[in-house]
Each structure stands twice: as structure tokens, then as C-alpha cells.
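Have a look at the structure below, then the notes.
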Amino acid sequence: MAKILIIDDEKALRQAMAQILKDEGHDVIEAGDGEQGLKMIQQDATSRPDLVFLDLKMPKTQGNAVLKALGSKTLFELPVIVMTAYGTSRTAIEAMQLGAYDYLTKPFDLEDLVNLAQKALAHSQASAEQIGEANIQNLGQPEELLGRSPKMAEVFKLIGRLAQGNTTVLIVGESGTGKELVASTLHNASPRSRGPLVKVNCAALPEHLLEAELFGHEKGAFTGANHLRIGRFEQANGGTIFLDEVGELSQIIQGKLLRVLQDKSFERLGSNQTKTVDVRILAATNRNLEQLVRLNQFREDLYYRFNVVRIELPPLRDRPEDLEQLTQHFLSSIALRNGIKNLAITSTALEKLRDYAWPGNVRELQNTLERAAVFSGGRTILSEHLIFNQKYQMNLNLEQAIAQLEINFIRHALALYPQEPHKALGISVENFEQKKKQWNL
Ligand SMILES: Nc1ncnc2c1ncn2[C@@H]1O[C@H](COP(=O)(O)OP(=O)(O)OP(=O)(O)O)[C@@H](O)[C@H]1O
Ligand SMILES: [Mg+2]
């Protein structure tokens, strides 16, 4: 049972709404215009409402003016559901931007009204069991490598030990485990951090362009080479070069790199003058290089040059201890970027994160939380806001995968369009109800 305020200039509608909400056991107060409504919201804590229904189109003080007057800070604590007979996307979008929780298009079913009220109230209660204030002060370095698990502790130690020397390091791990971040961390921890960190994605360019990119070329070295170009190795002089995705290198470039790894020397394309540089080489791949060597797709001699010291990044599913810290970290940075004071997540939602296998690892966690923050409208993240990326799950057969997709898609529609999910899905209400029953939603 909660205290609900209805702000609407239409008396008959107000009364009908009040009646049905009272029947549900709520305490209802009413205001006939925006100004009066604002006063009721700004009362002392004991008489303040827990939820507001706000009409957008009113003669005195329009709905959006009320939202503006409340400011986003108050709105985070107080859900406001706006109502409009003018069901244009513009007013709705504007209201949502101003911080409204949701909106109802007039005329609406009284049943929708009750459901939405319940949902909004459940949401503010859920905010109360959030996992603690996100610590924004801690965000000095947004690109900090985090982890509390023993496995990550090993990685930190190894980075610490490797920071001083010039050893070539091969960083391996599944996609999204933080290989690039480890490379930056290692560079920043080393004396070479005074010099540049140059990153090259070896998979991003076709062979001939990659060659020019790495080693540079003289003016006129080939058609289209109109200027002299300094390659990435030269640019990295005095610092570190990070060769990402080395598993994708062609045989020819592999051969050229072998020489650079041996004696740090090379020639620009179209030149016979040998250049020698002072660079530390870090390489990364999510491919199994040993297997590529066995298949003759990767030169064994080059493999040994790269694999002097190896940092293995464990998949996220093998270090559940890190999940909560990473979640907190991403939520704080999302909050900070969006000017939200605190973005929380319920313990049920956190459980759901723990139960998932994270085939896309930390990057997938980050993306999932970004999406969830959009679905929750910047409010406490509930488990229904967490929609996982299906594309990696190969442990299902086709029928199961399609069923899973359907379930997630329906959940998605429910979260985004709580009032008319069937419309978003393009199916009839009957069909929608049938599916809800079938999938137990
Ligand atoms: N331990 C960590 N602490 C904080 N952030 C992390 C951590 N690991 C990864 N991230 C973040 O996750 C994202 C993915 O990391 P990164 O790009 O380093 O992964 P990757 O292993 O290079 O992935 P890919 O193989 O797909 O290139 C980045 O935004 C990175 O900042
Ligand atoms: Mg990477």
C-alpha cells in the first residue's frame, strides 16, 4: 500500500482513477492542476506521495513544467507516470527525457493503470535493496584494470614483474577478457610510459596496407604512395608497440616481423636503408596460436619470439569474485557519464549476472549493463532489464536457441513497452497471451 498522487484537470477521470487505486488498497490524493500537484509533492517526507500520475496537457502549469520543476534528482526517488491524450512520440519522448518513469496514452484501461502503478512501486522498493552506493570518487582512472580474484591477482603480479624490462609479452585470452587493457596497464607501469604506446590491429588491414602501416614507406614506393610515411614501429620508438590480433597475420608479414623481433630493425617500403628502433613489443590474440602452428598457419619461430612471457587472462566465468566489482565499476561510470547520482542494481539482478556464462567476457558485461541502464531509464536495474547476447551460445540446438530468442525478445518488449508489448512484437493480444503462458512469463 502506497500513497499515490493524481494530477489531472479532468475531474471525472481523476475520480475514476482514484477509485480503482483505492480498491487496490492505496492511499490516493488528487490535484486539479500542476501547481497544486507540485506543492503536494514538495510536502514534508511523511505526507509526500510514493508515486505520481501526471497529466501532460493542463490549462494551468503543464505536465512537462511540473517535471522540469521537480528536476531529475527528485524524479529518481519519485516515479512519475505521465498521461497524455496526444499520443505523439514527441511529447512522450520529451517526458521520458525529463525523467518520467513511464507514460500512459489516454484513454487507457484501468487495468493497465493498476499494473503500471504496481510496477513503478515495485521498482522504487527495489531501489531500497540496492547493493550500495556506487563510489564515484574511485573513478579517477576509468581505464583501471580491476579484479579481486586470485587469478587476476596473479596477472597483476606478473605485470608488476614485467614492467621494468624489455621482454616481449604475449597476452592471450578469450574475446573481451581485457587483453588490450592489460597492454596499456603494462606500458603505463613501465619506464616506457614516458614514450608512446602505439597500437596496431593486425586484423583490420589487408596485407599490403598493414605492411605500409607497420614499416612505413618512401615517397613513390608504390602507386598511390605520394608521401613519405613513417610506420608504426618508428612511431613507437622509445615506447611500446602493441600488436593486436597477431593470430590473423599473413605469412609474408609474419616473416618480416620475425626480423623486427630478432633485432628491432627493418626497412621502410621502397628503401634499402635499415632502421633500428628501441621498442618494446606486446602482442595479443584470442586465437590458439599453438594450434595455428600445428596447422602451419603460424610460423613456429615467430611464435617463440612472441611467446617469451605469456599473460593468460582467465575468462570471466572462471573468476566469479570479480563480477560484482566490475559491475559496480561499470555502473558508476555509466552513471557518471549520464549525470546520474547513483545507478544501482538489485540483488536478484546481480544473481542473474552470476548465473550467466559471459562468453563475451568483460566487454559483454559492460555492454549488457549499458543496455540495462537504457531499459531501466537510468533507475535501479532489475533482472528484466538484463538481456543477454545470444550470439555466442552454441550449447543449444536450433529449436532451443529459437525458443530462447523468443523468450528474450518478449521480455525485452515487456520491459520497453509495458503497456502494449504485443504491438511492439507485431502480434495480436491473444497470440501474445498465449506465448506468455507457453513460456511462463
Ligand atoms: N579487468 C578489467 N577491469 C576493468 N575493465 C576491464 C577489465 N577487463 C576488461 N575490461 C574492459 O572491458 C572491455 C574489453 O576489454 P579489452 O578491449 O581489453 O578486451 P580484449 O581482450 O582486447 O578483447 P578482444 O579480444 O575482443 O579484442 C574494455 O572496455 C576494458 O576496459
Ligand atoms: Mg582487443
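The values are calculated or read from the model by the stated rules, or taken from the named source; none is laboratory data. Keep in mind the model is a prediction, meaning the values are calculated, not measured. FYI the Cβ positions are ideal-geometry reconstructions off the backbone, even for glycines, and counts take in every protein chain you see.
Scoring R337 on the criteria (1) surrounded by 14 or more Cβ atoms within 10 Å (Cβ to Cβ); (2) without any contact (Cβ under 8 Å) to a residue 12 or more places away in the chain; (3) within 17 Å of the chain's Cα centre (by Cα) leaves a single failure, condition (1). With respect to being away from ligand 2 (no atom under 16 Å from the Cβ), of a type in the set (S, T, N, Q), over 30 Å from C202 (Cβ atoms) and assigned to a helix (DSSP H, G or I), T368 falls outside the description.
Contact map, the stretch 300-318: residues that are among the aromatic types (F, W, Y) paired with residues that are part of a loop (DSSP other than H, G, I, E, B), Cβ distance under 7 Å, separation 6+ or inter-chain. Pairs shown: F306/T168.
Does the stretch 264-282 hold any residues that are of a type outside the set (D, E, K, R) and either closer than 18 Å to P196 by Cβ or outside the structural domain of I159 (by TED's automatic domain parsing) (or both), and which are they? Correct list: F266, T276, V277, V279, I281, L282. Give the residue that is surrounded by the fewest Cβ atoms within 10 Å (Cβ to Cβ), with candidates limited to residues of the stretch 267-278 that are touching a residue at least 24 places away in the same chain (Cβ under 8 Å) and over 21 Å from A203 (Cα atoms). Among residues in the stretch 267-278 that are touching a residue at least 24 places away in the same chain (Cβ under 8 Å) and over 21 Å from A203 (Cα atoms), the one surrounded by the fewest Cβ atoms within 10 Å (Cβ to Cβ) is D278. Scanning the stretch 174-196 for residues that are assigned to a helix (DSSP H, G or I) and within 9 Å of ligand 2 (Cβ to nearest atom), which turns out farthest from N361 (Cα to Cα)? Here the residue is A183.
Within the stretch 116-173, if we keep just the residues that are of a type in the set (D, E) and either more than 16 Å from ligand 2 (Cβ to nearest atom) or modelled with pLDDT of 80 or more (or both), the residue that is farthest from F330 (Cα to Cα) turns out to be E154. Residues in the stretch 30-45 that are surrounded by fewer than 17 Cβ atoms within 10 Å (Cβ to Cβ) and closer than 22 Å to A122 by Cβ: A45 alone.
All of L416, L396, L405 fail the test of being aliphatic (A, V, I, L, M), within 27 Å of F108 (Cα to Cα) and at pLDDT below 80, apart from L416. Of note, L289 satisfies the criterion of being within 27 Å of I171 (Cβ to Cβ) and touching a residue at least 24 places away in the same chain (Cβ under 8 Å). Contact map, the stretch 355-378: first residue over 20 Å from D322 (Cβ atoms), second residue buried (at least 16 other Cβ atoms within 10 Å of the Cβ) and among the small types (G, A, S), Cβ cut-off under 6 Å, separation 6 or more or different chains; pairs are F375/A415.
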